[in-house]
Every structure is written in C-alpha cells, then in structure tokens.
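Just dropping this structure here.
Rule-based calculations on the coordinates, nothing more; no lab input. As the structure is a prediction and not an experimental result, all values here were calculated from the model. Note that we place each Cβ from the backbone using ideal geometry, even for glycine, and neighbour counts take in every protein chain shown.
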Amino acid sequence: MLMLNQAAASLLILLAVTLPATLRAQAPTDVFARFESARPGQGSVRITQDVNIRNLINLHVSQQRHINGIKGYRICIYNKNDQKANKEADQVRAQFLSRYEDVKCYKLYEQPFFKVYVGDFRTKSDALRFLNIIKSEYPDNAFIREDIVAFPD
C-alpha cells in the first residue's frame with residue numbers, strides 16, 4: 001500500500017512538472033502580440049478589446065494554420081486532359097511567370113486534367129480584378145475557384 005502511494009505521488013509530481021510546459025507548447029500564439037510589440041524605428045500599437053474577441057481571433061488563426069492556409073480564391077488559366085496537356089501546362093506556367101513574376105503560379109494534376117492556377121487571393125473581388133487584367137491573354141480557360149491559399153507574407 002505504501003509503495004502504491006509513493007508511485008502515485010511520484011506520478012503526480014511528474015505530471016505537475018511536465019504538464020505546464022506541454023500546455024505552453026500547444027497554446028496558440030497571440031496574433032495581437034505581434035502588432036503590439038515595439039520595434040526599433042517604428043511606432044507602437046495598442047489594441048484595446050474584449051478578451052473574448054482576442055481569444056476567438058487567436059482560435060481562428062490557429063485553426064487556419066492547421067489547414068496550412070486560409071480560405072481564398074485562385075484563377076485557373078489552363079485546364080486540359082489531352083496527350084500534350086502536361087507539357088502545355090508547363091509552358092503556360094512558365095509564360096505566366098515571365099509576365100507576372102510577383103504572382104504565385106501552381107501546376108496541378110487533378111485526374112484526368114492538368115491545371116494551372118494563379119494567385120492567392122483573399123477575396124473574390126481581388127480575384128475578379130486580376131482576372132480582368134489577364135482575361136485577354138487567357139480568354140478560353142480562365143475561371144475563378146475557391147481554394148485554400150497561402151498565408152499572406
């Protein structure tokens with residue numbers, strides 16, 4: 001009986017020592033701390049809001065990080081499945097990147113189609129604006145699709 005109590009006490013002490021470190025490692029980062037932190041040569045920001053709002057936003061950000069991106073939109077500029085589709089998709093991607101170096105471009109194989117998607121747009125209106133810019137270059141294939149897009153830099 002005494003030995004059982006010593007084992008339980010040892011386990012309890014071990015949990016008490018390791019549990020706080022584990023909880024801290026899994027806690028979501030506070031996105032507001034990034035804005036409120038002082039940086040040399042820059043002003044400071046103070047955000048005043050209800051703690052529940054802060055917690056909800058931090059929860060939302062941690063969930064978005066779990067899916068490795070955020071909900072957004074991309075424009076499909078190539079979508080074919082013939083014998084030359086793979087090679088043509090590479091050419092379309094290279095051609096696009098030579099014209100729009102600052103816009104991300106993705107080649108995907110979604111059976112049975114090779115597709116080229118461009119952009120990581122947060123809103124559909126941003127995607128529509130860019131679609132209007134490139135529409136003359138890709139008149140047959142361009143359309144907007146909802147997707148998980150990369151986090152903004």
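Report the calculated FRET efficiency for Phe35 and Lys124 (r = Cβ-Cβ distance, R0 = 22 Å), to the nearest 0.05.
Efficiency computed from Cβ-Cβ geometry: 0.25.
Please state the relative contact order of the range 79-153 as a whole percent: Cα pairs under 8 Å, 6+ residues apart? The partial results should precede the final answer.
Working: 62 pairs, mean separation 18.8, N = 75.
Once normalised by length, the contact order is 25 percent.
State the answer as a single residue: which of Ala94, Ser125, Ile148 lies farthest towards the positive end of the charge dipole of the range 84-153, with beta carbon charges of +1 for Lys and Arg and -1 for Asp and Glu, about the Cα centre.
So the residue we want is Ala94.
Here's another thing I want to ask about it. If you stretched the chain out fully between Lys87 and Lys71, how much longer would it get, using 0.36 nm times the residue separation minus the C-alpha to C-alpha distance?
Details: separation 16, 0.36 × 16 = 5.76 nm, distance 2.96 nm.
The span from Lys87 to Lys71 would gain 2.8 nm if fully extended.
For the range 40-97 and the range 116-151, what is the centre-to-centre distance using only Cα atoms, to the nearest Å?
13
To one decimal place, what Kirkwood hydrodynamic radius in Å is obtained for the range 87-145 from all pairs of distinct Cα atoms?
12.1
Run the quick spin-label model on Gln63 and Asp50: label points 7 Å from Cα toward the beta carbon, then report their separation in nm to one decimal.
Inter-label distance under the simple model: 1.8 nm.
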